[in-house]
1. Within the stretch 135-144, is there a residue that is charged (D, E, K, R) and either more than 15 Å from Gly54 (Cβ to Cβ) or more than 16 Å from the chain's Cα centre (by Cα) (or both)?
2. Within the stretch 74-161, which strands (runs of 3 or more DSSP E) (wholly inside it) include 3 or more residues that are aliphatic (A, V, I, L, M)?
3. Would you check if there is a residue in the stretch 87-95 being modelled with pLDDT of 95 or more, more than 18 Å from Gly148 (Cβ to Cβ) and among the hydrophobic types (A, V, I, L, M, F, W, C)?
4. Enumerate the pairs (first residue in the stretch 24-43 and more than 16 Å from Asn133 (Cβ to Cβ); second residue anywhere and hydroxyl-bearing (Ser, Thr, Tyr)) with beta-carbon separation below 7 Å, excluding pairs fewer than 6 apart on the same chain, so at least 6 apart or on different chains.
5. Does the stretch 47-87 hold any residues that are within 22 Å of Trp130 (Cβ to Cβ) and touching an Asp or Glu at 6+ places or on another chain (Cβ under 8 Å), and which are they?
6. Take the stretch 111-149 and flag every residue that is touching a Leu at 6+ places or on another chain (Cβ under 7 Å) and either at pLDDT below 95 or small (Gly, Ala, Ser) (or both).
7. Conditions first: (1) out of contact with any Ser or Thr (no Cβ under 7 Å at 6 or more places or on another chain); (2) surrounded by 14 or more Cβ atoms within 10 Å (Cβ to Cβ). Glu66 passes all but one, so which condition is the exception?
Amino acid sequence: MRVLIVADTHGLIDPRIVALAAGCDQVAHAGDVGSAAVLGDLRNACPRVAAVCGNNDVPAKWAGAERSILDQLPQVAELSLPGGVLVIVHGDTFPAKSRHAGMRMRYPAARAIAYGHSHRIIIDDNVLPWVINPGAAGRTRTYGGPSGLILEADADRWQVEAVRFPPLV
């Protein structure tokens, strides 16, 4: 199973990231979605999209008609995948210095925990559960260009790969 993991789109998702979703079985968005259009673009490419609420996903930043979609975004989502569970959170409620340890303590049964918030790609796969961050898939603070992670999950093995595109001009 191929899962595209994205975060921190802040209302705009890079079309190259959307194209990656077309080749996946599932998309996981780790918060700071920013608009219903982002979720719509992802769903057009891959119908199975799970998304969580980020610290910037607040009513004042979402258009009036889109607020009903915002209200449906949970703080945490769990995806049952072959070989384990992927937990999706935004990560802003964990202090930066102890973020990975705190997530591992809160979600010990997960095989991996995907989070956003920092806008930086991280693959911390030295111990279980893995703690991974796809960076930013939009145009805000991408630190080198929009990015995401591709998780290949089967019953025996998980593998994660970072994908980064050059910034669009």
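1. First, pick out the residues of the stretch 135-144 that are charged (D, E, K, R): 139, 141.
Next, only the ones that are either more than 15 Å from Gly54 (Cβ to Cβ) or more than 16 Å from the chain's Cα centre (by Cα) (or both) stay: 139.
Yes.
2. Working: elements: 76-81, 84-89, 112-114, 121-124, 130-134, 147-153.
Passing ranges, in order: 76-81, 84-89, 112-114, 121-124, 147-153.
3. Checking the stretch 87-95: at least one residue is modelled with pLDDT of 95 or more, more than 18 Å from Gly148 (Cβ to Cβ) and among the hydrophobic types (A, V, I, L, M, F, W, C).
4. Gly34/Thr9; Val38/Thr9
5. Arg48, Gly54, Pro82, Gly83, Val85, Leu86, Val87
6. Our first condition is that a residue be touching a Leu at 6+ places or on another chain (Cβ under 7 Å); within the stretch 111-149, this holds for 111-112, 114, 132, 134, 138-139, 148.
Scanning the stretch 111-149 gives Ala112, Ala114, Gly138, Arg139, Gly148.
7. Checking Glu66 against (1) out of contact with any Ser or Thr (no Cβ under 7 Å at 6 or more places or on another chain); (2) surrounded by 14 or more Cβ atoms within 10 Å (Cβ to Cβ), the one that fails is (1).
Table: residues versus (1) surrounded by fewer than 16 Cβ atoms within 10 Å (Cβ to Cβ); (2) at negative phi; (3) in contact with a helix residue (DSSP H, G or I) (Cβ under 7 Å, 6 or more places away or on another chain); (4) not in a helix (DSSP H, G or I).
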| site | (1), (2), (3), (4) |
| --- | --- |
| Leu4 | no, yes, yes, yes |
| Gly11 | no, no, yes, yes |
| Cys24 | no, yes, no, yes |
| Asn44 | yes, yes, no, no |
| Gly54 | no, yes, no, yes |
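The values are calculated or read from the model by the stated rules, or taken from the named source; none is laboratory data. Worth saying up front: this structure is predicted, and the values here are computed from it rather than measured. Cβ coordinates were reconstructed from backbone atoms using ideal geometry, including for glycine residues, and neighbour counts include every protein chain displayed.
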